[in-house]
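Here the structure is laid out as structure tokens; the discussion comes afterwards.
Only the coordinates and a few stated rules stand behind these numbers; no lab work does. None of the values given here were measured: they were computed from a predicted structure. Counting neighbours? That spans all protein chains shown, and the Cβs are built from the backbone with ideal geometry, glycine included.
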Amino acid sequence: MTAVSTPPASLESATLEVAEMNCASCVAHVEKAAKAIPGVAACQVNLATGRAAVQFDPARTDLQHIAQAISDSGYPAAPQNAGNDSTNAEVRRVEQQAKESNAWAWRAAVGILLWLPVEAIHWIRQLFVHAHHVVPAQQSVMGWAALASGTAALLLVGSKFYVSAFKALRHRTSNMDTLISIGASVAYFYSLIYFIGGLVGAWPPPGEHELYFMEAAGLLALISLGHWLEARARQSAGRAIRELLELTPAVFPNPMPGSTRMFSRAMPASCAVAARSARNCRTSRVTS
């Protein structure tokens, strides 16, 4: 006869606030870091809310050790403050999402301003001015403009991606920013070496169309624009949740018959469940 294993009754559940997650790979890394701690039975990460729900055995580990393990994997984590109600937690989350959205909007605007005008002028010149005549990049204003704008984009826009990729590398892992950093770096430094080598006479000078400074800048600009759109969508969803929570009355009467006790919005979940059950029973008796 096979024995059926049952989960330990001593497991506790808690919620952690996790920062700097931006893709499914980040979710997998956070869950892996948490589950590697002895005593952690389960970990579920919500990318949209930036939270991780964990179940653990308090006899073998605690919430601080789990948060530290997640932080060491490259994603700052901290236990959610149980003293604040859900409305305050949502307010903090919405404010953080607004800050993140504004930061990505700035990067996207700077990246597009550095990339799009130079890219548009380059293609106009290629199609109509120098369609049948290759101009060495070192002898062209556009060649130097592409070098300057590409360098500025790499420093001003790409710094966020490089910092994130370096953090992942320190923890012997990778993320989406790693791929973006590699792509932008290959395009930029290939062009830089080709440009400088042609300038000093190490090899024939490249033409404008043989350099990829603008491709590096365009990649960073468009990815930043995508991050901004994603952050705006999260911000809108968070705002909707906050507005729903604000509709909950701060204090409401106990629906139990004959009781004069008042419940607050921050009452324990068990009390809320009991209140809803009692209200449903009364409603069913009236309607029947």
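Full extension of the segment from ILE193 to ALA120, taken as 0.36 nm per residue of separation minus the current Cα-Cα distance, would add 23.9 nm.
Among rounded, prolate and oblate, which fits segment 88-245 when a ≥ b ≥ c are the square roots of the eigenvalues of its C-alpha gyration tensor, a/c under 1.5 means rounded, and a/b larger than b/c means prolate? Cα axes put segment 88-245 in the prolate bin.
Charge tally around ALA24: other residues with Cβ under 14 Å, Lys/Arg +1 each, Asp/Glu -1 each, net -2. Arranged from fewest to most other beta-carbon atoms within 10 Å of their beta carbon, THR178, THR61 become THR61, THR178. Residue separation of GLU95 and SER174 scaled by 0.36 nm, minus their Cα-Cα distance, works out to 25.6 nm of gained length. For segment 32-42, putting each phi into the Karplus relation 6.51 cos²θ - 1.76 cosθ + 1.60 with θ = phi - 60° gives couplings of 5, 5, 5, 5, 6, 7, x, x, 8, 8, 7 Hz, in residue order, rounded to whole numbers and with x for Gly and Pro. Can you figure out the FRET efficiency of GLU12 with GLN138, using R₀ = 45 Å and their beta-carbon distance, to the nearest 0.05? So the FRET efficiency works out to roughly 0.10. Please give me the summed charge of the neighbours of HIS209: other residues whose Cβ is under 15 Å from its Cβ, Lys and Arg +1, Asp and Glu -1. Within the 15 Å Cβ shell, the charges total -3. Sequence-ordered 3J(HN,Hα) estimates for segment 54-64 from the Karplus curve with 6.51, -1.76 and 1.60 and θ = phi - 60° stand at 10, 10, 8, 8, x, 6, 10, 7, 9, 5, 5 Hz, glycine and proline given as x.
Summarising the label geometry, the points placed 7 Å from Cα in the beta-carbon direction at LYS35 and GLN55 lie 1.3 nm from one another.
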